[in-house]
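Working notes, structure below.
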């Protein structure tokens with residue numbers, strides 16, 4: 001892999017640069033006809049769910065056999081999103097198209113982008129021995145060939161709640177340049193009782209602008225709060241009220257050249273066994289003055305399925321929401 005001429009893991013020397021790329025014509029390159037002036041939903045579905053033990057994206061959770069993806073698509077469509085791009089791995093494309101895409105093709109325009117190990121910024125190549133893609137920031141970057149409008153990037157295996165989609169959709173209606181947004185959840189409402197989780201803990205100023213995000217990869221519930229344990233055994237205590245990122249990010253296409261620069265910087269830092277996370281990339285953009293990010297506090301109820309034991313909890317909460325009339329059952333009418 002080549003080195004950048006001005007190698008820096010934070011690229012702070014390039015602060016306050018303007019960010020602009022030309023808009024692409026609608027539907028370029030993929031034959032997908034997209035509604036004009038509507039944002040795109042980008043679903044990060046390339047992860048294999050190693051801790052859970054399978055393709056969580058395909059697990060029935062709702063009372064009518066719905067997947068968590070079904071609820072995401074349903075809430076996004078109601079909030080005004082116009083099309084969906086799924087970022088997947090080619091090695092399960094056939095099954096994904098058969099089981100997942102077929103559920104939505106009559107409801108919204110859908111297409112796939114591919115997160116591939118050797119899809120890297122110009123001049124870089126995958127090192128020998130690397131077998132997995134480069135993380136969530138790389139996955140968002142992989143959608144660049146399919147996205148021509150402001151977009152929301154989400155995990156495929158999380159339930160975010162309708163309020164979060166409405167908040168981001170309103171932001172994206174007037175989004176431009178390098179002004180982005182995220183949905184901020186309270187840490188204590190995002191933990192699993194069955195093991196540790198990774199969370200991006202956010203610093204937010206009094207005006208609601210994100211000041212930075214620090215990724216913690218091993219946070220566990222403790223009492224009413226939480227604790228992080230690092231690789232050396234050191235711990236950091238949290239009250240549980242901290243705002244956190246759950247990969248619910250509103251971007252404009254101007255984020256793609258910034259992600260390309262971040263990926264190059266990440267590769268130059270030499271952590272070839274690590275992953276390149278969205279919160280880390282966003283924190284770098286903010287620190288360098290390259291982007292501003294609104295932290296939109298949401299009232300939505302979030303839950304995910306990190307471990308097999310989380311499945312029963314998720315199914316129970318979806319049943320409760322259905323009984324309360326928040327969602328119909330079945331979610332999709334035949």
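The values are calculated or read from the model by the stated rules, or taken from the named source; none is laboratory data. Please read these numbers as outputs of a predicted model, since none were measured by experiment. Heads up, the Cβs are rebuilt from the backbone with ideal geometry, glycines too, and the neighbour counts pull from every protein chain shown.
Here's the yes/no breakdown for (1) part of a helix (DSSP H, G or I); (2) modelled with pLDDT of 95 or more; (3) touching a helix residue (DSSP H, G or I) at 6+ places or on another chain (Cβ under 7 Å); (4) surrounded by fewer than 17 Cβ atoms within 10 Å (Cβ to Cβ):
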residue: 73; (1), (2), (3), (4): yes, no, yes, no
residue: 97; (1), (2), (3), (4): yes, no, no, yes
residue: 101; (1), (2), (3), (4): yes, no, no, yes
residue: 111; (1), (2), (3), (4): no, no, no, no
residue: 131; (1), (2), (3), (4): no, no, no, yes
residue: 139; (1), (2), (3), (4): yes, yes, no, no
residue: 144; (1), (2), (3), (4): yes, yes, yes, no
residue: 175; (1), (2), (3), (4): no, no, no, no
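Of the candidates 274, 270, the single residue that is at pLDDT below 95 and on the phi > 0 side of the Ramachandran plot is 270. Among the numbered conditions (1) more than 20 Å from residue 279 (Cβ to Cβ); (2) touching a strand residue (DSSP E or B) at 6+ places or on another chain (Cβ under 8 Å); (3) surrounded by 17 or more Cβ atoms within 10 Å (Cβ to Cβ), the only one that residue 179 does not meet is (1). Residues that are touching a strand residue (DSSP E or B) at 6+ places or on another chain (Cβ under 8 Å), buried (at least 18 other Cβ atoms within 10 Å of the Cβ) and part of a helix (DSSP H, G or I) within region 299-331 comprise 310, 314, 318, listed in sequence order.
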